[in-house]
Amino acid sequence: MSDPILHLDGVHKRFGPVHALKGVALEVYAGEVHAVIGENGAGKSTLMKVLSGAHLPSAGRITLNDKPYAPTCPIDGRRAGVAMIYQELTLAPDLSIEENIMLGIEGRRWGFARANTAAVREALTLLGHPDLSPRTRVGSLKIGTQQLIEIARAIVSGAKIIIMDEPTSSLSSADTRRLFEVIHTLRGRGIAVLYISHFLEEVQEIADRYTILRDGETCGTGMMEGVTIPQIIEMMVGRSLDEMYPKVDHAIGDVVLRCAGVAGRAFPVDAGFELRRGEILGVFGLVGAGRSEMLRCLFGLDAMAGGSAELASDAALKPGHITPGRALAAGLDFLSEDRKQEGLAQSMSIVENTTLSALRKAARAGFIDLKQDKAVADGWAERLGVKCHATTDPISSLSGGNQQKVAIGRLMNHDSDILFLDEPTRGIDVGSKSEIYRIIQELAAAGKSVVIISSYLPELQGVCDTLAVMYRGRLSRSRAVPQWTAQEIMNFATTGAAD
Amino acid sequence: MKIKPFLYRVLPFVGLIFVVLVSLLAIQINDPSGQDVANFVSLDNIRTVLIQTVVVGLAALGMTLVIISAGIDLSVGSQIALATVVFAVVVNGGSVTAPDVDRASWLMVGLAVAAAVGVCALCGFFNGYISSKFRIVPFIVTLGTMLIFRGVAKWIAGGEAVRTPPNAAQGFMDYDVPVLGIGVGFYLLIAAIVVTAVLLRRTVLGRYIYAIGSSENTARLCGIAVENQKVLIYVLCGVFTGLAGVMQYAFLSSGNPTIAVGLELNIIAAVVIGGGSLSGGSGSAMGTFIGALIMSILGSTCTMLGAETYVQEITIGTIVIVAVGIDRLKHLERFKA
């Protein structure tokens, strides 16, 4: 191969004390599909923002076509031939296809935008949509087609590198197919595609080469051919899978929670599952499928519109009656996916956050025994390995991983038997993730029943006993993890088809 | 590491000392003979300043609970006026005209205190219930009730001050009292500070108040019945305000429905100067007391300097902004660290 058109060497990015990128190396060649792989929080998004000009790197060298490349704003990136396609599309729904494609680069004559319909048509034809009229309003198009308009915009602007950030996360499998064909076309025209995804099967299918990021560093790069998915995961997590997903023997017992037809105001529509003592049930699905809402309804955080939920303790969680306080009393507990706004009170201390849900245990006649309160919290912080100066420090002084351990400590302190964990490892480093997986296994071994929601399939496959998939508010039957293939899971998650 | 939180905790004290020093300096410059400074630090003046802190101080302690929980109560000025009117009417045996007696009995005074406090607690219940159950922000609810309670006070009083026969309560706010040394009102304020401090720092309710103000979602997640707790917080605020109203009556010796207009802003200012944040989650009883004290010291200084009231207003306004500015700095540092 010739020289790389994009070359990154030793790129660092710091946000205050946070070192988001610690030496990223990346080489991208013309006409290749290059996958950038990494766990949530590995630095993929930051890297992409550096490339697009949204962030300036703190240190390091970037060259584009052998010239130093230092974009200071997104338009610089675009002028230099680097186009971004974000996960959240950035089209103006009320403008036409042509207006969207030409936005910001329209030719002008005396202040009036000049039509460039020919170039737009050419790009649409290239992308396999000669039938689309450039005058169509973008808001009326399906999501998959809208994404093509974004790609067309990149082509018309003369992009040499197109960066796609999780492009398939909201596409059906048919649309994903079409996208892959488009990517092949782009590659044929000598355009480099930087493809970011954590759907490893897809990545393996579409990419020629890969670069793996872990905790802000490049930790592997090579040809996609000949590499297996377990090998990729091991590189991503930096340890063997057995180490990443520690197993603790746990026996699965009788049913402790039986839900049927659970419905919320909008989502879920119809969700039912059985949870057994000592079982770890994973719930997979795309963002917006209604997974969080299902657990939030059951815990009384969102209104439950219908359905039933029976506990082994004979308590029933009735629609309109259930509140978080009653759910906690009935032996449920909930770990929020939103640590900052909901999971933890950021201005309160580690101690206060740890004991907040079971404060009465350390209180007599309404007065808190402050010594006991602190001793209890210190105990959990030590047991869960929370790294902090003092447990009286505000929770906001901790890293994400340590904050999450405090949040889990609160659940353990309350000692409910059924735990709902909503994205328990979102935004935390690999080391903390592994520790949290171990804690979850230990909880199951202690007879707790756990439901985990995650958008990251390998983690569910690594830590859960059983798995169910949600599609548009409907939950599949749960099956033992080995009885699902990744293909089946993705298929249900994107189409709702059982097979 | 540990020095900064400590500094922030003593910040209101530092502010207090600063205000006292600046006051002394200004008075000395204004009167180089030193006579005014001597007057300023005389026992009489100190007692006057302390007793003048009582009304705002008591109400601000209640407001502290509300503000820590990220709420606000704009109706406290009107509640104080209503309390003076209710007190006067009850002490009169249910009439807006004073009965023809030499002195009202202790029993009547006791009933009047209970009635004034009770009415304000009811006002607080109304504020808390309406804003919790109907999800109307407390700013709007209490803006409405500020007018409603004021109107009710005028209605009961018949539009005029309610005169009362001499009674024991009228001595609550004297600054020169035999044996006690200072009026009962000041001791009540001290007791209220202790109660509030213990409530906030040592009780489950206090922890819940901080939790609700720090993050209402987290509080709900942890099983706290946020709506009910909020109602309780406004009721407690009403109780403190009712006591402040009784002390206001003691100052006036009559029930006056037009008193304490705009006083809610001074009360909120005291909380804010004392480290309370309107976004919730911070504030303390001692800080609030110091905030109220700073304001009465400034008042006394301005009197001593013979300055117009506008000087006092401008100074207090500036201090509020500076206090909040320092508070913001604290938050910025927290997120940097």
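The values are calculated or read from the model by the stated rules, or taken from the named source; none is laboratory data. In this text the structure is predicted, and so the values were computed from the model without any measurement. Cβ: placed from backbone, ideal geometry, glycine included. Neighbour counts: every protein chain shown. Quick note on the areas: whole protein, heavy atoms, side chains included, nothing else; ligands and nucleic acids left out. Shrake-Rupley method; radii C 1.70, N 1.55, O 1.52, S 1.80 Å.
Every condition in (1) within 14 Å of chain B (Cβ to nearest Cβ); (2) touching a strand residue (DSSP E or B) at 6+ places or on another chain (Cβ under 7 Å); (3) open to solvent by 50 Å² or more (accessible area, probe 1.4 Å) holds for residue A:326 except the one numbered (2).
So which of B:82, B:74, B:61 ends up being in a loop (DSSP other than H, G, I, E, B) and within 18 Å of residue B:248 (Cβ to Cβ)?
Testing whether each residue is in a loop (DSSP other than H, G, I, E, B) and within 18 Å of residue B:248 (Cβ to Cβ) leaves just B:74.
Could you tell me whether residue B:90 is modelled with pLDDT under 95, crowded, with 16+ Cβ neighbours inside 10 Å and either more than 14 Å from the chain's Cα centre (by Cα) or not charged (D, E, K, R) (or both)? In short, no. When residues in the stretch B:30-52 are screened for being open to solvent by less than 80 Å² (accessible area, probe 1.4 Å), assigned to a helix (DSSP H, G or I) and among the polar types (S, T, N, Q), 3 of them pass. Considered as a group, the residues in the stretch A:190-216 that are under 19 Å from residue A:41 (Cβ atoms) and open to solvent by 10 Å² or more (accessible area, probe 1.4 Å) include one that is modelled with the lowest pLDDT, and that residue is A:198. Check B:320, B:324, B:271, B:261 and return the single one that is modelled with pLDDT of 90 or more, out of contact with any Asp or Glu (no Cβ under 6 Å at 6 or more places or on another chain) and open to solvent by 30 Å² or more (accessible area, probe 1.4 Å). The unique qualifying residue is B:261. Scanning the stretch B:238-256 for residues that are in contact with a strand residue (DSSP E or B) (Cβ under 8 Å, 6 or more places away or on another chain) and either at the interface with chain A (Cβ under 7 Å from one of its Cβ atoms) or not aromatic (Phe, Trp, Tyr) (or both) yields B:254, B:255, B:256.
Residue A:273 falls short on exactly one of the conditions (1) touching a Leu at 6+ places or on another chain (Cβ under 9 Å); (2) in a loop (DSSP other than H, G, I, E, B); (3) not polar (S, T, N, Q), and that condition is (2).
Within the stretch A:288-323, restricting attention to residues that are polar (S, T, N, Q) and within 14 Å of another protein chain (Cβ to nearest Cβ), the residue that is surrounded by the most Cβ atoms within 10 Å (Cβ to Cβ) is A:292.
Looking only at the stretch A:125-145, residues that are among the polar types (S, T, N, Q) and over 19 Å from residue A:90 (Cβ atoms) come to 2 in all. Residues that are open to solvent by 10 Å² or more (accessible area, probe 1.4 Å) and at pLDDT 95 or above within the stretch A:391-409 are absent altogether.
Here is a yes/no grid of residues against (1) within 9 Å of chain A (Cβ to nearest Cβ); (2) open to solvent by 10 Å² or more (accessible area, probe 1.4 Å); (3) in contact with a Leu (Cβ under 9 Å, 6 or more places away or on another chain):
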position	(1), (2), (3)
B:187	no, yes, yes
B:193	no, yes, yes
B:204	yes, no, yes
B:220	yes, yes, yes
B:229	no, yes, yes
B:236	no, yes, yes
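Checked against the criterion of being in a helix (DSSP H, G or I) and either more than 30 Å from residue B:278 (Cα to Cα) or among the β-branched types (Val, Ile, Thr) (or both), the candidates B:128, B:110 yield just one match: B:110. Filtering the stretch A:340-361 to residues that are facing chain B (nearest Cβ under 8 Å), farther than 15 Å from residue B:215 by Cα and not basic (Lys, Arg) leaves only A:359. For the stretch A:362-391, which residues satisfy the criterion of being within 11 Å of chain B (Cβ to nearest Cβ) and touching an Asp or Glu at 6+ places or on another chain (Cβ under 9 Å)? Hits for the stretch A:362-391 are A:362, A:363, A:373.
Residues in the stretch B:94-112: is at least one among the polar types (S, T, N, Q) and open to solvent by less than 10 Å² (accessible area, probe 1.4 Å)? Within the stretch B:94-112, none of the residues are among the polar types (S, T, N, Q) and open to solvent by less than 10 Å² (accessible area, probe 1.4 Å). Among residues of the stretch A:254-276 that are assigned by TED's automatic domain parsing to the domain that holds residue A:475 and more than 16 Å from residue A:465 (Cα to Cα), those with a Cβ under 6 angstrom from a residue that is among the polar types (S, T, N, Q) and open to solvent by 10 Å² or more (accessible area, probe 1.4 Å), sequence gap 6+ or separate chain, pair up as A:260/A:308. Condition test on residue A:201, is it assigned to a helix (DSSP H, G or I) and either without any contact (Cβ under 8 Å) to a residue 60 or more places away in the chain or out of contact with any Ser or Thr (no Cβ under 8 Å at 6 or more places or on another chain) (or both)? In short, yes.
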